[in-house]
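The values are calculated or read from the model by the stated rules, or taken from the named source; none is laboratory data. These figures come from a predicted structure and were not determined experimentally. Heads up, the Cβs are rebuilt from the backbone with ideal geometry, glycines too, and the neighbour counts pull from every protein chain shown. To get the accessible areas, we keep the full protein, side chains included, count just its heavy atoms, and leave off ligands, DNA and RNA. Shrake-Rupley method; radii C 1.70, N 1.55, O 1.52, S 1.80 Å.
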Amino acid sequence: MLFNPYLCEKCRSSILEAIGRNILSNDWITILFLVILLLLVFSKQFFGERFYDFSRILYSNKYFTSNKKSLRVLNFFSFQLFLVHALLISLGLFILISQSNFIETTSANWILFIQIFVLYSLFISSKYFIEKIIGTIFSIEKLLDNYLFYKITYKNFLSLSLLPFLILSVYSFNFPTLWLIIIGGLLIFAHLFILFSYYKKQQKIVLMHWFYFILYLCTLEIAPYFILYKVIT
């Protein structure tokens, strides 16, 4: 077989073109990862002690005890963590939707990501304010504030575990759709485990008002996520 330099040159050009296109298509995701990392660095730099306590919540309650007197979810530190949480979850949903072919993506696939991000952020924000209104109506603001602070803190923390998987999926190799579903399922399971641990700690209150507790679970913890799933897919 004769050596064909033109053919080799053509193959080399095709490979370089393919690599170039792949890098170009991931430019907006690279910027997104940079924004996420900058937000985390900013939080660590300007809220060092709080960020350190937050990073240890799996084996230390200091973050919750130090903020017990002012259970404020709407502060700058918490807002940064929520923004990171929303960006990571939205990117994870975008990758899952793209690989599952639920929606045919185009060169402007960043628009789809923005749509998912806006929808998810509005969903979480609306759910939070509805729960705050319910707490005011039934005069259980303190109890509900404690629960919301606990729940949102762990949501923000669990979402950070997605970061290495998303980086690998974008720059190293594409995880099979089944793997992405399993990773998402593990996050949901961890979130449910944390919620039930909290309910167990508050079992006296839960048993005293079991009817309202079940009603709350169905209307504000199960139904909204089912509706969000149907809207996205």
Counting only residues in the stretch 55-109 that are aromatic (Phe, Trp, Tyr) and either crowded, with 18+ Cβ neighbours inside 10 Å or modelled with pLDDT of 90 or more (or both), the one nearest to the chain's Cα centre (by Cα) is identified as PHE82
Would you check if VAL231 is over 20 Å from LEU158 (Cα atoms) and open to solvent by less than 40 Å² (accessible area, probe 1.4 Å)? no
Can you name the residue in the stretch 160-179 that is within 14 Å of the chain's Cα centre (by Cα) and open to solvent by less than 30 Å² (accessible area, probe 1.4 Å) and is also nearest to ILE89 (Cα to Cα) among such residues? LEU162
Answer yes or no as to whether GLY48 is touching a Lys or Arg at 6+ places or on another chain (Cβ under 9 Å), open to solvent by less than 90 Å² (accessible area, probe 1.4 Å), modelled with pLDDT under 90 and of a type in the set (Gly, Ala, Ser). no
Result of the Cβ filter at 7 Å on the stretch 143-163, keeping first residues that are among the acidic types (Asp, Glu) and partners that are open to solvent by 10 Å² or more (accessible area, probe 1.4 Å), at least 6 apart or interchain, is ASP145/LEU71
